[in-house]
Amino acid sequence: MNARTAGISLHLNSVGKAAAAAPEAVTGNKLDIQYGLLPGLVGYQLRMAQIALFRDFAQGPGEHAVTPGLFGVLVIIEANPDLKQSELARATHLDRSTVVTVIDNLERRGLVERRTALNDRRSNAIRLTPDGSALLRKLKRQVIQHEKRLLQNFNAAERETFLALLQKVFPEHR
């Protein structure tokens with residue numbers, strides 16, 4: 001499924017920025033839906049892009065019961081073996097109780113393990129298990145294909161610009 005079949009289309013506007021076009025007016029039972037000012041709002045366009053992203057993600061990595069957020073958690077854990085749960089909460093912008101629930105679920109699935117942190121016996125350090133590492137290798141390949149599908153209408157320079165512009169929205173979260 002690409003962005004167009006997910007209900008939106010990605011295009012470049014007159015200044016070369018990527019934008020998501022609103023779904024065409026729905027004509028069913030003679031009812032035309034108008035979107036008013038929504039198509040001109042950044043939040044609306046980001047939400048439409050997110051819907052396309054999640055739908056496409058569900059066709060690949062999602063088949064392993066992994067959401068985009070969970071994929072991000074696994075990538076951060078892999079890149080930072082023995083990361084403390086509190087550090088993972090900060091890195092993922094989640095509250096600590098949510099991270100505990102996420103780690104509990106990943107641990108139940110055999111994808112991560114908790115250990116006592118080396119320099120702080122009161123804290124847990126998290127790392128991927130061999131099964132978690134194997135799944136993440138597979139997921140990374142699928143996510144690369146997923147990204148290619150989502151941005152198939154962008155050339156390399158446009159992709160780079162698009163990412164740079166998105167990062168400007170919340171630069172403190174990089």
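FYI, it's all coordinate maths here, none of it is from the lab. Because the structure is predicted, anything quoted here is derived from the model rather than measured. Positions of Cβ are generated from backbone atoms using ideal geometry, with glycine treated the same way; all protein chains shown enter the neighbour counts.
Annotations for the structure displayed:
- Length added when fully stretched, Gln152-Arg109, from 0.36 nm per residue minus Cα-Cα: 12.1 nm
- Computed on the range 40-174, the Cα convex hull volume stands at 129 Å³ per residue.
- If you count Lys pairs in the range 25-166 whose Cα atoms are under 26 Å apart, skipping same-chain pairs closer than 8 places in sequence, the total is 4.
- The trypsin sites (Lys or Arg not before Pro) of the range 50-136 that DSSP puts in a loop, and whose beta carbon has at most 16 other beta carbons within 10 Å, are Arg109.
- Estimated FRET transfer efficiency (Thr129, Arg96; beta-carbon r; R0 25 Å; 0.05): 0.65
- Where labels lie 7 Å past Cα in the beta-carbon direction, separation of Val42 and Ala164 in nm: 1.7
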